Each structure stands twice: as structure tokens, then as C-alpha cells.
1. Can you name every residue in the range A:134-155 that is in contact with a strand residue (DSSP E or B) (Cβ under 8 Å, 6 or more places away or on another chain) and more than 13 Å from chain B (Cβ to nearest Cβ)?
2. Output yes when any residue across the range A:29-45 is out of contact with any Pro (no Cβ under 7 Å at 6 or more places or on another chain) and within 14 Å of chain B (Cβ to nearest Cβ), and no when none is.
3. State the number of residues belonging to the range B:54-75 that are among the polar types (S, T, N, Q) and surrounded by fewer than 20 Cβ atoms within 10 Å (Cβ to Cβ).
4. In the range B:88-99, what count of residues is obtained for those that are without any contact (Cβ under 8 Å) to a residue 60 or more places away in the chain and either under 12 Å from residue B:192 (Cα atoms) or loosely packed, with under 15 Cβ neighbours inside 10 Å (or both)?
5. Could you check how many residues of the range A:72-88 are more than 7 Å from chain B (Cβ to nearest Cβ) and either free of Cβ contacts under 8 Å to residues at least 60 places away in the same chain or of a type in the set (Ser, Thr, Tyr) (or both)?
6. What about residue B:172, is it within 14 Å of another protein chain (Cβ to nearest Cβ), touching an Asp or Glu at 6+ places or on another chain (Cβ under 9 Å) and part of a helix (DSSP H, G or I)?
7. Enumerate the pairs (first residue in the range A:39-60 and assigned by TED's automatic domain parsing to the domain that holds residue A:75 and part of a loop (DSSP other than H, G, I, E, B); second residue anywhere and modelled with pLDDT under 95 and among the hydroxyl-bearing types (Ser, Thr, Tyr)) with beta-carbon separation below 6 Å, excluding pairs fewer than 6 apart on the same chain, so at least 6 apart or on different chains.
8. Counting just the residues of the range A:61-71 that are more than 14 Å from chain B (Cβ to nearest Cβ) and assigned to a loop (DSSP other than H, G, I, E, B), which one comes out modelled with the lowest pLDDT?
Amino acid sequence: MPRLELKGVHKRFGGAMVLDGVSFSVDAGRVLGVIGPNGSGKTTMINVLNGVHRPTKGEVLLEGTRIDGRSPHSLLRLGIGRTFQNPRVFQSLTLLDNLLMVTEGMGRDGGGIDRALGLLELVGLAGHAGTLASEVSGGQKKLVEFARALMTSPRLVLMDEPFAGIHPEIKAVLMARIRASCDESGITYLVVSHEVSELVDLSDELLCLAEGRVLASGDPRQVSSQPEVIEAYLGQPLASNPAVAG
Amino acid sequence: MALTAAFGATTGQLGTMRVVTTVLMYVVLTESWTVLGGFGGYLNFGMVLFFGVGAYTTAIVSSHAGITPLATVLAAGGVAGVLGVLIGVPSLRLRGAYFAIVTFVLTLAIQQLVMVLGITNGALGLYLKPVSLGPRASDELYYFIFLGAAVVTMLVVRRIGSSRFGSALVAIREDEDAAEVLGVPTTRVKTVAFVFAAVVAGMVGCVYASQLYYIEPVDTFAFSLSLNVVVAAIVGGAQSWIGPLLGAVATQLISQELLIHTQGVEGNLVLGALLIVFARFVPGGIAGVFRRRRVAKVAV
């Protein structure tokens, strides 16, 4: 049984069909990379999976249980964590408190501090545990968000543009930690990114969205080299794009 | 707080005791307001709505049941709390200024309703049975009721501030979407905080009506009460339990002093100026200044 499965998911905003019958599945302990041009529906798909938006039509299943239409906080309890395109850390709280907020939100008792410190150590921020989130860099905020997502003991983590605008060293740390937690803990990741080369290296499978539909999916290197994917992504035919065609 | 209480308890002047009693009443209201308004960051301009509903509940129930008005305090808090649920559940789905506007508009709407309803005796208002005590004993009774209520409310709000519920409210203030994603049932948490303030305001309204033994819609639903609470919280610092205490004492002592010596308009101007100065230059309020100084001292 796949960890996550989408069956014909549609999402309409007024007259605009942003997701138009999206179907795919991903197994436990896998990284699914999602690429697509701006406006292809990537973030909307994450918002549907996360419960921020209710799909207009279709089904979302987490290990066979239908979860579409549930609230974000109830989906967290089912094991779905997420990070945002622009990191949404609690600026006036310390990094440690940002992670502990998860245990507060989930109503868990005890052991939170040790676990939070362990996760900050994992992402190389243990020395900043007492620093206010407003005082760390954008890249470090992304690491905090990632650690916070792991703090929820997730089965599935949704990551929206985790590599955008961050220092290469932080990017390397993040990619290594995603891969390690995937392999060691069986966490499934759905990673949306414009950075195709990083995503090809990281992902087990790659999916390309275009105009709300799945254009291609499968092996990352094969998908990323398909002419229709390149055309959709770059907005022009392969033959007329010397950077790719050459 | 201790100084204010001691001041009220030891003075022989009834007028002074009444001023301190009013200050204590605002301490209770502002403390309860700060749970949603300060910890959660949602500006509630509807405190007088629940205060007024509590006062009218007391007047109606006590006259129909033939009991002393103070005995209806739970009914007053209960009716205000139910109204809080009815208003909070739909309106707390709104954010920022929209929620503040709803609480403001509903206050005006309920005031107009009270003016035309038969059970509230319209604009003429209702009389209540006064407590069977002399003027001094009566004033002492209400002084000690509000003193006790202020202490209890502060302890409760302090406890909330360090609880899981308080942390959830802080998360909502910081970033509501992120809080929801991290497992905080945001609408439920906000509603509980809103209803807490409504219940407290309703109970305060009961004591106020009992103390005055006459209520009518214009003064009982005066928007200035809601405004005074918000100003006190902002001046004192709304993000801790100590801020509302400092703010309520400071603004009410200024306000009451100006009321004695002026026509009242000057008092509003001073409070308005205080609000602007604190919102612009001292966003953490008086409590925030002390907190920063303490942090700086530790850092040195």
C-alpha cells in the first residue's frame, strides 16, 4: 500500500482549474521530487495535501485512509508535516522554543527538550538553541523548519521550495538530512523545487506538473530529460533552446 | 497592585475607595482580555458587550427570582459565555482588523437591541435591589470583591501564560498558518480564550450592576469601557500577565484623576495620546521596558 496516493484530484479557484485530475502515488521511505513551471499547481497541491485547501474533486489517501478535507492540525496528528516556501518560524521565540511549540500543539508531554535539542544538533544548530529565530539567517530558518517538521514524528513531509535562496553549505546539509531520515526512518518526502539538478540528485522519483496536470513521472533523470518536460519548464520547444538542445 | 489595594483599604475617604475599586475592576477586565488580545494577538473591542450582557442578566434574573443581584454572578458569566461562543465561533475565523471590526459592530448592535427590548425596559433601564448595607460597608464589600477577583484573575492569566494553551496562543499570534500546521487547533484555542474574557466580563458586569443598582443601555454598553481595556493592555504590555495590571492601574488612575478635575474630554485625549505613544515607541508596553532592562542587565 503506498504511503501517499492521489486519485483524480481537482482544485478549482473560481474559474481557474489549478489542479486538473492529478493522480500519483509514492511509497514509504521514498523522496518524490515535484517540478513544474510557475503556476503549474505545485504549491496548491501541497496545500491540498496539507489540508489548507479542500480538493474540489478526487481523493487523497494516506496509507489507504482517505484524508482529503481534514484540517491541517488533524493531518499533523496523522503524520503529515510541512515546511513553507518562505520559512514560517516564530520570530520572537528561540529556536528551541520553535521546536517545542510542536509538542505544545500536539499535546505531548515530556521528553520534548531532549528531542528538540537532538534535532537542532542534527541540522547543526545546537549552538543556537537559545537564539531568537529573528536573529538567524534565512537558510538557518529553513533548517529550523525542517527540524520542526521532524519534531512532529512525521510519516510524510511536504517541503515547498526548501533549497530556494540558501547558501550551498546549508543546502548540502538539508539534502543530506532529508536523505538520511528517509533511508533510516522510512519518512516519505514530497519536495517541490525549481532547482531541478538538486532534485534529480535527491529524489527517487520525479513528477512534472504543467497546467495542473501530471505531465510526466518516473525516474528523475529520464523525466528531467523528456522533451515535453523541458519545453513545459522552459516555455519553449527543445530544439529552439540552445542551452538544452546543444 | 499591593499599593493600590493598601491605598484603598486604609483610606477613610469613600471617593478614593471607589476610585480604587474602579481601578481593580479594570485590572480584572484587562487581565482577562489579554489572553486572546495579548497572548493571541487578536484585538477584541467587545468587552463591554459581555459586561453589559452580564449586567442585564443580573438585573433581569435577580428581579424575576427575587434574589440578591450578587447571587446571579454565575448566571451572568454563563449567559455572557454562551454569547461568547455564539459570536466567537464564526467571527474568530476572521483575522486581524476584520475580527476587531466585528466585535465593535456587535457591541453597537446589542446596545441598540437592549434599547428596544421590553425585557430590558428599553432606554429607561432597570433598577436592582441594593445590598442591605450602609454606604461605607457597601463600598468596602465591592472593593474587596474586585480585589479578590483581580488577584484570582491575575493568577489564572499567569498560569495560562506558562501553559500549553498559552503557548498555542503565542504561536497563533506569531504565525497562525504555521501554528495550525504544527497541530494547534487555532479556531478552538481562540474561541476558548475569547469565551474566557466574555465570562469574566459578564461576571464583572454583574458586580457592577449590583454596585450601581440601576443600569441603562447607554452607560452600561459605553464603548469607552472596551477602549479603556485595550488602551490599558497596550500601555501596560499585553504579552504578559503583569502588563495588564500595570496598564490598568496607570491608565485608570490618570483617567479617574482627570475626570475629577476636568470635563472628561481631556481624559480621553490623554489616553488617546498615551495609546499612540506606546503603540509607536513602546510596543511592549511598561512591562516590556522592564523586561528589556532585565535582559540587558543579565547580558552585562
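1. Selection gives A:142, A:146, A:155.
2. First, the residues of the range A:29-45 that are out of contact with any Pro (no Cβ under 7 Å at 6 or more places or on another chain): A:29-32, A:34-45.
Applying the additional criterion that residues be within 14 Å of chain B (Cβ to nearest Cβ) yields A:43.
Yes, that holds for at least one residue.
3. Keep residues of the range B:54-75 that are among the polar types (S, T, N, Q), which gives B:57-58, B:62-63, B:68, B:72.
Filter once more, so that each one left must be surrounded by fewer than 20 Cβ atoms within 10 Å (Cβ to Cβ): B:63, B:68.
Summing the residues that are among the polar types (S, T, N, Q) and surrounded by fewer than 20 Cβ atoms within 10 Å (Cβ to Cβ) in the range B:54-75 gives 2.
4. From the range B:88-99, those without any contact (Cβ under 8 Å) to a residue 60 or more places away in the chain are B:90-91, B:94, B:96-99; that's our starting set.
Still in the list and also either under 12 Å from residue B:192 (Cα atoms) or loosely packed, with under 15 Cβ neighbours inside 10 Å (or both): B:90, B:94, B:96-98.
Residues that pass the stated criteria total 5.
5. Going through the range A:72-88 one residue at a time, the tally reaches 5.
6. Values: within 14 Å of another protein chain (Cβ to nearest Cβ): yes; touching an Asp or Glu at 6+ places or on another chain (Cβ under 9 Å): yes; part of a helix (DSSP H, G or I): yes.
Answer is yes for this residue.
7. These pairs meet every condition: A:51/A:71.
8. From the range A:61-71, those more than 14 Å from chain B (Cβ to nearest Cβ) are A:61-69; that's our starting set.
Within this subset, residues satisfying the condition of being assigned to a loop (DSSP other than H, G, I, E, B) are A:63-64, A:67-69.
Working: A:63: 95, A:64: 94, A:67: 95, A:68: 93, A:69: 88.
Across the range A:61-71, the extreme among qualifying residues is A:69.
The values are calculated or read from the model by the stated rules, or taken from the named source; none is laboratory data. The model shown is predicted, which means the values in this text are computed figures rather than measured ones. Every residue, glycine among them, receives a Cβ derived from its backbone with ideal geometry; neighbour counts consider all protein chains shown.
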